[in-house]
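Right, one structure below, let's go through it.
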Amino acid sequence: MFHSSGRPGRPVDRIWLQTLREFGRPVAVLTRPEPGWHRLVGRGSVDGLLQRLDLGYHEEHTMLVQVTTQRRLPEHVRVFSTLEPDALVDEFLLNFSPDGPVRLPGEPTTGTGRLVVDGMEVEGRRLTHGDYIATLAAMGDETVAVISIAALHDQAVRLTLDTTVIPV
């Protein structure tokens with residue numbers, strides 16, 4: 001049996017715990033998701049190595065927040081990807097609604113933003129496009145990104161780290 005080193009309110013199902021073990025690094029999760037929000041886990045691998053974890057938080061089939069943690073892969077892996085704010089917002093809008101992709105008019109604006117991880121502010125990049133915001137920040141060998149509807153972004157950038165599972 002395994003357990004997460006996380007505090008109450010963090011995901012603790014068996015598949016999540018196995019995913020944490022495979023990822024082998026801290027993963028950003030919302031500090032306080034709203035009661036009733038459901039969670040979807042997405043995985044991105046390169047050459048058989050788990051590189052990216054997406055935690056999507058949704059309510060009534062509408063995506064509200066996505067938290068992505070992407071780790072740097074070992075030097076021998078020659079294929080890699082980077083997280084770009086505009087691509088993340090496009091991906092979020094593609095999955096936002098069961099009615100299909102959301103298309104936004106106009107151009108996004110960029111600037112500086114911040115994540116608050118375990119109470120510490122981390123400076124990053126911010127992209128706003130309509131009512132959607134993405135904030136990305138480098139944290140050691142990981143990049144953490146939060147994409148959300150604007151009304152929830154101040155709550156969504158408050159994160160905590162879930163760490164690898166430990167045997168009981």
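Among the conditions (1) at pLDDT 85 or above; (2) buried (at least 19 other Cβ atoms within 10 Å of the Cβ), the only one that Glu22 does not satisfy is (2).
Strands (runs of 3 or more DSSP E) fully within the stretch 77-168 that include at least 3 residues being modelled with pLDDT of 90 or more and open to solvent by less than 20 Å² (accessible area, probe 1.4 Å): 109-117, 132-139, 142-149. Of the set (1) closer than 19 Å to Asn95 by Cα; (2) without any contact (Cβ under 8 Å) to a residue 24 or more places away in the chain, all apply to Gly56 but (2).
The values are calculated or read from the model by the stated rules, or taken from the named source; none is laboratory data. No experiment lies behind these values; they were computed from the predicted model shown. Neighbour counts are summed over all protein chains in view; Cβ atoms, including those assigned to glycine, are modelled from backbone coordinates with ideal geometry. When the accessible area is computed, the model is the full protein with side chains, heavy atoms only, and any ligands, DNA or RNA have been set aside. Shrake-Rupley method; radii C 1.70, N 1.55, O 1.52, S 1.80 Å.
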